[in-house]
1. Tell me, in nm to one decimal, what length is gained between LEU50 and LEU290 on full extension, where the rule is 0.36 nm per residue of separation less the Cα-Cα distance?
2. Given points 7 Å out from each Cα along the Cα-Cβ axis, report the ARG376 to ARG263 separation in nanometres with one decimal.
3. Please give, to one decimal in nm, the separation of the simple spin-label points placed at VAL164 and VAL270, each 7 Å out from Cα toward the Cβ.
4. Rounding to the nearest 10 and keeping the result within 0 to 90°, find how far the Cα-based axis of helix 247-257 lies from the longest principal axis of the chain.
5. Taking only C-alpha pairs under 8 Å that are 6+ residues apart, what is the relative contact order of the chain in percent?
6. Taking the number of other C-beta atoms within 10 Å as the exposure measure, put HIS308, HIS27 in order starting with the fewest.
7. Roughly how many whole Å is it from the C-alpha centroid of the stretch 193-242 to that of the stretch 265-335?
8. Please report, in whole Å, how far the alpha carbons of the chain spread along each principal axis, starting with the longest.
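Nothing in this text is a laboratory measurement; each read-out follows from the coordinates by a stated rule. Since we're looking at a predicted model, the values are computed, not measured. When we count neighbours, we look across all protein chains shown, and the Cβ atoms used for this are built from the backbone with ideal geometry, even at glycine.
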Amino acid sequence: MSTVAGLSVAGNYFAQPLLDLIGRNLHLSSSTAALVVTVAQVGYGLGLLLLVPLGDLLERRRLAVTLCALTAVFLTVTASAPNAAVLLTGTALTGLTSAAAQVITPFAATLAAPAERGRTVGTVMTGILLGILLARTAAGLLAELGGWRTVYWVNAALMLLMAVLLRLRLPSLRTPSGLRYPALLGSTLGLFAREPVLRWRAALGALAFAGFSVLWTAMAFLMSGPAYGWQESAIGLLGLVGAAGSLSASIAGRLADRGLVHRVTGATAVLLLGSWGLLAAGGAGGAWSLAALLAGVVVLDLAAQGLHVSNQNVVYGVRPEARNRLNSAYMTSYFAGGAAGSALTSVVWGAGGWDAVCVLGAGLAGAVVVVWVGERVWRRAGRPLTDGGAEGPPAAAPVAAGNPITRH
């Protein structure tokens, strides 16, 4: 499940180290090329809003298999794009169906025993995070071998293989909500009104992922520019550096199982802010600047992923019977933040280069710290975390006698 989830989301990030190459090949401006990243995030956000809640309505294995197969089809559209319009269309549709990763994550949480839910979510999230980060490495290396289109063809073949493996290896699982699709979507949106903890965690996630997207959208322009002058394959290797931060997902999940989820949130929020000081020192070029840049990438990725996993563990504990809808609501906010960060980066880079990008990133990280402090004050004031009462221990095992979840 971790591997499938990682490959699903990878297609949304192949373009980041290739923006300069794609722009030259299709005769695009840098701002238009940057829209490829934004469109992918918007498509993914729509998939989270419109498709992920179906996990509370349809049989989950069939839904995951179908979305993986469609992702493979849309990757071929991107791979064969002759112009910007087809490229953006294929990217948007790939983003839409790659929301399969977020059908699989609550699927794994439902199958896991309550005491192991944090570790299980952390394991699947590690796959997603490695997919996001190593997508850049794979894209850079394959672009050197066969052009920027090669990585999309390869991922399309892998996604078809993953669809077959999911069908063979996953159990059938249905969690009937008793709602029709329009009511299901309305219920998803209504969770924001009914669940205060979802609002806090959605704000934290959106701001953190906006900063994450700011970094990785601007990175290709910085590293291919006069300060460093790197080729696409070398830029892609930066994903290996960022992948070190994915280790925090598993650690954060284990700490959540020990009841330390709120401490993880605070620590990662502060680290996120501190990372931008290192990143700002990395814009001048040269050995020392490169060392600061790489350190900043590791710290930012570690903090962003740890914060994300802690958010998901808190959100999944709110209403176990509605995990797909809760995940849809949280992740829609999360990737809306990412899309906003990518869009802002294309404007800010043109206006002030790397220094302006770092100011933007630090501002977003500062907002994360402010929201975390606000949530901490709110919890200490004795406010209930949900409309049903204060946060308690993990819910009872979801697949149990009398529970309206069926699998075989």
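1. Once the chain is fully extended between LEU50 and LEU290, it gains 82.3 nm.
2. 1.3
3. Label-label distance for VAL164 and VAL270, simple model: 5.1 nm.
4. Helix 247-257 sits roughly 20 degrees off the main axis of the chain.
5. Computed value for the chain: 26 percent relative contact order.
6. Result, fewest neighbours first: HIS27, HIS308.
7. Result: 9 Å between the Cα centres.
8. Projected onto its principal axes, the Cα set of the chain covers 63, 46, 31 Å.
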